[in-house]
Structures are given as structure tokens and as C-alpha cells.
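The values are calculated or read from the model by the stated rules, or taken from the named source; none is laboratory data. Model, not experiment: these values are computed from the prediction. Neighbour counts run over all protein chains shown; Cβ positions are idealised from the backbone, glycine included.
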Amino acid sequence: MEINKTKFTKELMATVLKDYPLYRRVYTDVPKTLPMSLTDLLPDVIYHECEHEKCGRSQPFNNADSRYLDKTAAELEKVVAENSQRVVGGLGMLGGGGVPSYGVYSIHYRCKVCWFSELWWWIEIGYDTAQGTYIEKVGQSPPLQLPIDGRLIKKLGEDQKLFRRAQTSISQSYGIGACAYLRRIIQNKIDTLIKIYREKRVNQDAGEEERKALDQALGTTIFDDKLKFIKQELPKGIEVKGHNPVSLMYDKLSNGIHDLTDDECVQVAQDVTGLLTEILVGLEEQNESKRRYNEGIKALAKKPTTGLS
Ligand SMILES: [Zn+2]
């Protein structure tokens with residue numbers, strides 16, 4: 001993977017802090033010695049949702065007393081001074097008299113507007129022989145909240161528990177777990193998904209054979225047969241070529257669970273979450289609007305024509 005070559009920037013650090021799940025390593029050329037001021041590593045401003053009543057929206061947050069956890073500032077200064085002397089005396093091991101940056105940092109930001117809301121992250125800078133230096137988020141408060149579509153939660157009903165567990169797994173980089181939860185949702189919701197998809201295809205004038213295949217899928221109670229039927233007659237020229245979106249999601253999740261790494265599965269789980277939302281919410285809303293339109297037309301057609309001519 002290309003991650004090894006990611007250039008270290010303050011923007012990269014901001015992305016890791018704000019958006020990355022816990023324990024996902026980013027291999028990057030972070031400075032090897034500890035800067036005395038963490039401003040060399042940290043973004044000047046981070047925009048984040050502030051929940052304080054004064055704010056209640058995205059606000060700028062500033063660094064407030066972020067620090068290296070392994071030593072106090074005084075201890076650090078002592079080590080730097082000692083190392084510098086060793087360098088002067090020709091015994092330097094570290095090349096620049098600095099302290100290696102490997103260790104854990106407590107990163108603390110405060111809302112610049114209300115001065116009340118705080119954001120905390122714990123970041124480890126480390127090194128492994130295979131891929132070099134990395135940064136890894138090992139904790140945060142408040143916890144990472146992945147945006148959850150309220151309309152999707154409503155459509156999921158009982159299965160929202162599984163969905164929330166999938167989201168929690170994504171936020172902690174347990175992608176394989178997330179894929180397993182999502183696959184269970186597809187199993188539980190298979191008929192609903194097929195019905196929504198069938199209605200869309202009928203509205204798009206799906207051919208007789210495609211309708212038949214989708215009806216057969218709905219008519220059987222055996223899950224594997226449902227998958228076989230929906231794969232049988234594929235829509236032409238729409239969706240991903242050769243894939244019904246329901247079977248596509250199921251296959252991608254199964255493939256992830258069997259063959260991919262946790263990190264790769266996080267991506268699969270995020271993609272499937274998007275498609276699941278698109279079908280259960282987006283497509284269903286389109287179908288509903290088409291239904292209302294058809295009913296309106298029918299009602300108008302039935303009305304006797306009265307009045308002026
Ligand atoms: Zn605020």
C-alpha cells in the first residue's frame with residue numbers, strides 16, 4: 001500500500017484526529033526527534049462541532065496545553081541538554097541531540113468561541129521495522145461519532161442495534177466485525193431490499209424476465225435461492241455492470257469477511273453503508289413519490305369532466 005509514503009503535514013494530523021478510527025496506523029515521515037513545541041506537529045485550528053449552548057455548530061478549536069506524556073517539560077529539557085552535551089563530546093547517538101519523538105501525546109483543544117467545549121485525543125508516534133514511522137490515534141473524547149442518517153435508523157427498525165455495532169466497529173478499525181454486522185442486516189432485510197429494488201425496476205420498465213426473477217426471489221424462503229434468483233436476470237445498462245445492488249453488497253461483505261484485512265474491510269463497510277442508505281432511504285423515497293404521482297394521475301382521470309368547456 002502507498003500509505004508508507006504519506007507526507008507528514010499538520011493537515012494530515014488534523015484528518016487523523018478528526019476522522020480516523022482508533023488504532024488505524026498512518027505511516028508517515030513524522031519528525032523523528034521531538035520538537036520542544038508541539039505546534040510543529042499540530043494544526044493551528046481544528047473545525048469541529050461545538051455542542052455548547054452558545055455555539056451549537058461547527059466552530060474553530062485551538063490547541064490548549066497539548067503535551068508529550070512520557071516526560072514532563074522539565075524532564076524533557078534535561079534530556080535534551082544531556083543529549084546535546086553528548087553530541088558535543090562526540091558520543092551522540094541521536095544525531096541532533098534531540099529526544100526521539102516516539103511516545104504518546106495528549107492533545108487538547110478548546111473551542112475558541114465559548115472557551116467551554118474541549119476535545120481530547122491521545123496519539124502515539126511509533127516505529128515498526130517493516131514500514132517505518134507512524135502515527136496512530138489510541139484514544140479520544142468525545143468519542144468519534146460517525147454521522148448516522150436518522151431516516152435509515154427508522155427503516156432499520158430492530159436491526160438498528162446491529163447497525164450501531166457496525167458503526168462502532170468501523171470507528172475502532174474492526175472492519176471485519178463491521179462487515180459481519182452489515183451482512184446480517186442484509187440477510188434480515190433481504191425481502192425489503194428486493195421489494196424496493198423491484199419497484200424501482202418496474203418503474204423503469206424492467207423486462208418480463210427480470211420481474212420474474214425478482215418475484216421468484218421474493219417467493220422463496222431460502223436465502224441462498226433468493227441470491228441466485230436476483231443474480232439470474234440482471235438489469236442492463238444500470239447499476240454496476242452485472243450486479244444487482246443487493247447481491248453486490250452481500251458478495252462484497254462476504255469477500256471482506258473471508259479475504260480482506262480489517263483496514264480494507266473498513267472501506268467495504270463504509271461503501272456498503274452508503275449503498276444501504278441509498279436503497280432503504282433514497283430509492284424508497286423515489287418509489288413513494290412515484291406512487292403518489294401515479295395515484296394523483298389516476299384520481300384526476302377518474303373525475304368526471306364538469307364545468308365550462
Ligand atoms: Zn463553543
Quick check on my filter: what residues within region 47-76 are within 16 Å of the ligand (Cβ to nearest atom) and either in contact with a helix residue (DSSP H, G or I) (Cβ under 8 Å, 6 or more places away or on another chain) or within 30 Å of LYS32 (Cα to Cα) (or both)?
TYR47, HIS48, PRO60, PHE61, ASN62, ASN63, ALA64
Scan region 131-138 and tell me whether some residue there is of a type in the set (Gly, Ala, Ser), under 28 Å from the mean Cα position of the chain (by Cα) and not assigned by TED's automatic domain parsing to the domain that holds SER101.
no
Please note which helices (runs of 4 or more DSSP H) are completely contained in region 150-190 and include at least 1 residues that are under 23 Å from LEU17 (Cα atoms).
160-171, 175-188
Enumeration of residues in region 15-42 that are at pLDDT below 85 and outside any helix (DSSP H, G or I):
PRO31, LYS32, THR33, LEU34, PRO35, MET36, SER37
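Listed here are the residues, each with its yes/no results for (1) at pLDDT below 85; (2) touching a Gly at 6+ places or on another chain (Cβ under 8 Å).
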residue	(1), (2)
ASP215	no, no
ASP225	no, no
HIS243	yes, no
SER247	no, no
ASN255	no, no
CYS265	no, yes
VAL272	no, no
GLU288	no, no
THR306	yes, no
Does region 88-108 contain any residue that is within 16 Å of the ligand (Cβ to nearest atom), assigned by TED's automatic domain parsing to the domain that holds THR129 and at pLDDT 75 or above?
yes
Kindly list, by first and then second residue, each pair from a residue in region 53-77 that is in the same structural domain as ILE125 (by TED's automatic domain parsing) and farther than 18 Å from TRP120 by Cα to a residue that is among the hydrophobic types (A, V, I, L, M, F, W, C) and within 10 Å of the ligand (Cβ to nearest atom), limited to pairs with Cβ atoms under 6 Å and residues at least 6 apart or on different chains.
LYS54/CYS114; CYS55/VAL113; CYS55/CYS114
It is to be established whether one or more residues within region 191-206 are crowded, with 17+ Cβ neighbours inside 10 Å, outside any helix (DSSP H, G or I) and of a type in the set (A, V, I, L, M, F, W, C).
yes
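For (1) free of Cβ contacts under 8 Å to residues at least 12 places away in the same chain; (2) over 26 Å from LEU276 (Cβ atoms); (3) away from the ligand (no atom under 16 Å from the Cβ), each residue gets a yes or a no:
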position	(1), (2), (3)
ARG110	no, yes, no
GLY126	no, yes, yes
LYS137	no, yes, yes
GLN160	yes, no, yes
SER173	no, no, yes
ILE176	no, no, yes
ARG184	no, no, yes
